[in-house]
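Remarks on the structure that follows.
The values are calculated or read from the model by the stated rules, or taken from the named source; none is laboratory data. Quick caveat, the model's predicted, so the values are computed rather than measured. Methodologically, a virtual Cβ is constructed for each residue, glycine included, from the backbone with ideal geometry; neighbour enumeration extends over all protein chains shown.
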């Protein structure tokens, strides 16, 4: 059996190296201009089959054009191949608290249940990094959010166990991906570098020194909308 | 007559936003690993016609494979179109001192005459930014290096006058391009973002906030070797 991997997949970055724009908020979960980083993904069959038109009511997707939801025959090709790869052999997820929601500090109430509405697109265990305890949250469709307060290595151990032999996908955001890269725990990093100039925001690369952490660029596939780049540890 | 423009052309950057690698030196003018940023350019007909095999003796090109010099029929296509555009309607150049040579401080002697041997590939007036005065240096083939000690705006005025109605090409390095961008003097910035991960070095984008300086991404053309990106002021 192949070793379980920790993989970052379909992670958008701008040509100037930002994975989220400035001024992240409830209405701009990827920051101002950040939605442009994922346009290649919204046009794929993988995305369009995954979300029905009601998904658009969820705040995380409110900026995506309505016609891109619930299509049986959305775009195939390079972008779709990479989007689909993002869900293959994934048995659990790890995400940072900002990716779960805009709430900061202790969980004042438990009303916030993620950006994705009642039936989130994970359908497996999702481990949310936070400093504040909260009981697990079981949603429709097989997704359970677990709130992990004892750090990134503990989250990786728990996710690996929950994934039952499959890989673990590390969702984001930028600070979370950087922390796992610095700890040398990420096995594969698929970036989609899109023609967007953000100017400021959260820089993925700044000060990380990925080559000195053992990462190499092993694949580059440009498409009409983005450039797919795969980094792996050598 | 169209207004004269200041243009950065065929400027290589890595996927992580560096335009020169770490540890620049006589043997690594683009820093360690930096030559990879220009591989797309070396394979073009434009480059191969411009340089005969003796060019390889010049330190600036010492790391380029010998078979890429002096070819009549080097690569055509997207990369060559952009490489050729880099020499069209160019009447003068501006370069930073690091692009002229590795010498620092006052000109101890005048032995250093650039990276490019006796017949540099400019064939026009080249304005070198420096803090230290030096008499103009006339080379074979029509290139004259002028040493400008009174700043980037003075160099732009002098280059514009010398270009005789044509545009001025801003060569580099990174610090020089950043200074002209911050001053809002660059009209067009053609970057070639190549599949190289440098990890550290001179970052082109860091802290510049190009959108707030008025720059927009106006063109993206991926090729097999690199992704061409054109930024312009709106």
I need every pair where a residue in segment A:129-144 that is touching a residue at least 40 places away in the same chain (Cβ under 8 Å) has its Cβ under 7 Å from the Cβ of a residue that is part of a helix (DSSP H, G or I), sequence separation at least 6 or different chains. A:129/A:97; A:129/A:152; A:129/A:155; A:129/A:176
Considering residues that are within 13 Å of chain A (Cβ to nearest Cβ) and in a loop (DSSP other than H, G, I, E, B), the number found within segment B:1-21 is 4
How many of the residues making up segment B:94-135 are farther than 29 Å from residue B:69 by Cα and in a loop (DSSP other than H, G, I, E, B)? 12
Could you tell me how many of the residues in segment B:195-227 are assigned to a strand (DSSP E or B), more than 8 Å from chain A (Cβ to nearest Cβ) and crowded, with 21+ Cβ neighbours inside 10 Å? 1
If you check residue A:231 against the conditions, is it in contact with a helix residue (DSSP H, G or I) (Cβ under 8 Å, 6 or more places away or on another chain), facing chain B (nearest Cβ under 8 Å) and in a strand (DSSP E or B)? yes
Limited to segment B:161-170, what total is found for residues that are within 10 Å of residue B:8 (Cβ to Cβ) and surrounded by fewer than 21 Cβ atoms within 10 Å (Cβ to Cβ)? 0
Would you mind telling me which numbered condition in (1) touching a helix residue (DSSP H, G or I) at 6+ places or on another chain (Cβ under 8 Å); (2) surrounded by fewer than 21 Cβ atoms within 10 Å (Cβ to Cβ); (3) closer than 15 Å to residue B:121 by Cβ residue B:41 fails? (2)
So, in segment A:51-93, how many residues would count as being in contact with a helix residue (DSSP H, G or I) (Cβ under 9 Å, 6 or more places away or on another chain), assigned to a loop (DSSP other than H, G, I, E, B) and within 19 Å of residue A:126 (Cα to Cα)? 3
Do we find a residue being within 30 Å of residue A:196 (Cβ to Cβ) and in contact (Cβ under 8 Å) with a residue 40 or more places away in the chain anywhere in segment B:52-60? no
One residue is enough: does segment A:48-69 have a residue meeting the conditions within 14 Å of chain B (Cβ to nearest Cβ) and either at pLDDT below 90 or buried (at least 16 other Cβ atoms within 10 Å of the Cβ) (or both)? no
For segment B:126-135, indicate whether the set of residues that are within 14 Å of chain A (Cβ to nearest Cβ), over 24 Å from residue B:91 (Cα atoms) and surrounded by fewer than 22 Cβ atoms within 10 Å (Cβ to Cβ) is non-empty. no
The number of residues in segment B:22-37 that are modelled with pLDDT under 85, buried (at least 21 other Cβ atoms within 10 Å of the Cβ) and either touching a strand residue (DSSP E or B) at 6+ places or on another chain (Cβ under 7 Å) or not in a loop (DSSP other than H, G, I, E, B) (or both) is 3
Taking segment B:161-194 as the search range and keeping residues that are in a loop (DSSP other than H, G, I, E, B) and on the phi < 0 side of the Ramachandran plot, which one is farthest from the other protein chains (Cβ to nearest Cβ)? B:166
